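All remarks here apply to the structure that follows.
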Amino acid sequence: MDKWFKGKRILVTGGCQGIGQGLVTELWKQGANVVAISNQPENLKKLKQQYPCIDVATVDLRNWEQTREIVDSLGAFDGLVNNAGVAIIEPFLEATPGSFDDSISINVKAVMNVSQIVAKKMIENKINGAIVNVSSQASKAALKDHLVYCASKAAVDSITRVMALELGPFGIRVNTVNPTAIMTEMGHKIWAEPSKSETMLSKIPLGRFGEVHEVVNVIMFLLSNGASMISGVQLPVDGGFLAT
């Protein structure tokens, strides 16, 4: 798998923390030319200082036109990972229009926007590319207080299937990964309290939450030619959560 990444250009949104940062650094280790985009300039600066060969760009993915301009200026890519996302936790009866709009703008519209630009350049340059959208187990199971998050991730799964259908004739594969709770820095803070973690853990047959590298490994596989006949799937990385 590592030979496939050597010299390939890969774009990762939300690439300066959590799963995104883990993915960006692993792609770099395997010889890819990586571009990380985010709305967090300080974190991007730290990433660039640590890995000077990784290119970075600052953009607020909620800004449709600015995103199109910046992504278009970055040139053609062999792979894209739509990793940027937001999780707004509110009970159904307290969910607000603003929360819904922000979730859809970042988790869904940005995926469509960035993917349109990257896919068009793949087609123009006759690149048999791969796109991976980071979804969630929340797209397929009801999670308490996750109304807008569940809705947005279900939309990600749906647009992924349509993208796979329409881009397949051009040799472009599109898939999602659907993780359970992952122990990023934020994940450790959210799930540190037993009162919050026990219910979720009780539904995971493997009895633990996921680690960043376990999601990164799956994304790397779906990007690589090892997954050359896989397109339009939603691949859980959930320790069996969705099997119960």
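Annotations
- Among all residues of segment 200-212, there is none that is under 22 Å from Asp78 (Cα atoms) and not aliphatic (A, V, I, L, M).
- With respect to being within 18 Å of Val12 (Cα to Cα) and modelled with pLDDT under 95, Thr184 fits the description.
- Test result for Gly239, of a type outside the set (Val, Ile, Thr), at positive phi and touching a Gly at 6+ places or on another chain (Cβ under 8 Å): yes
- Answer from Val86, Val81 - the residue that is of a type in the set (Val, Ile, Thr) and at pLDDT 95 or above: Val81
- Odd one out for Cys150 among (1) without any contact (Cβ under 8 Å) to a residue 60 or more places away in the chain; (2) farther than 28 Å from Lys203 by Cα; (3) part of a helix (DSSP H, G or I): (2)
- Qualifying residue in segment 23-44 (condition: modelled with pLDDT under 95, surrounded by fewer than 20 Cβ atoms within 10 Å (Cβ to Cβ) and more than 16 Å from Ile219 (Cα to Cα)): no
- Residue check for Ala164: closer than 21 Å to Val216 by Cβ, touching a strand residue (DSSP E or B) at 6+ places or on another chain (Cβ under 9 Å) and buried (at least 17 other Cβ atoms within 10 Å of the Cβ): no
- Residue match in segment 13-20 (condition: touching a residue at least 24 places away in the same chain (Cβ under 8 Å), on the phi > 0 side of the Ramachandran plot and either surrounded by 17 or more Cβ atoms within 10 Å (Cβ to Cβ) or out of contact with any Gly (no Cβ under 7 Å at 6 or more places or on another chain) (or both)): yes
- Only residues that are out of contact with any strand residue (DSSP E or B) (no Cβ under 8 Å at 6 or more places or on another chain), crowded, with 21+ Cβ neighbours inside 10 Å and at pLDDT 95 or above were counted in segment 138-149, giving 1.
- Note on segment 91-103: residues that are farther than 20 Å from Gly20 by Cβ and crowded, with 16+ Cβ neighbours inside 10 Å total 3.
The values are calculated or read from the model by the stated rules, or taken from the named source; none is laboratory data. As the structure is a computational prediction, the values presented were derived from the model and not from experiment. Positions of Cβ are backbone-derived with ideal geometry, glycine not excepted, and every protein chain shown enters the neighbour counts.
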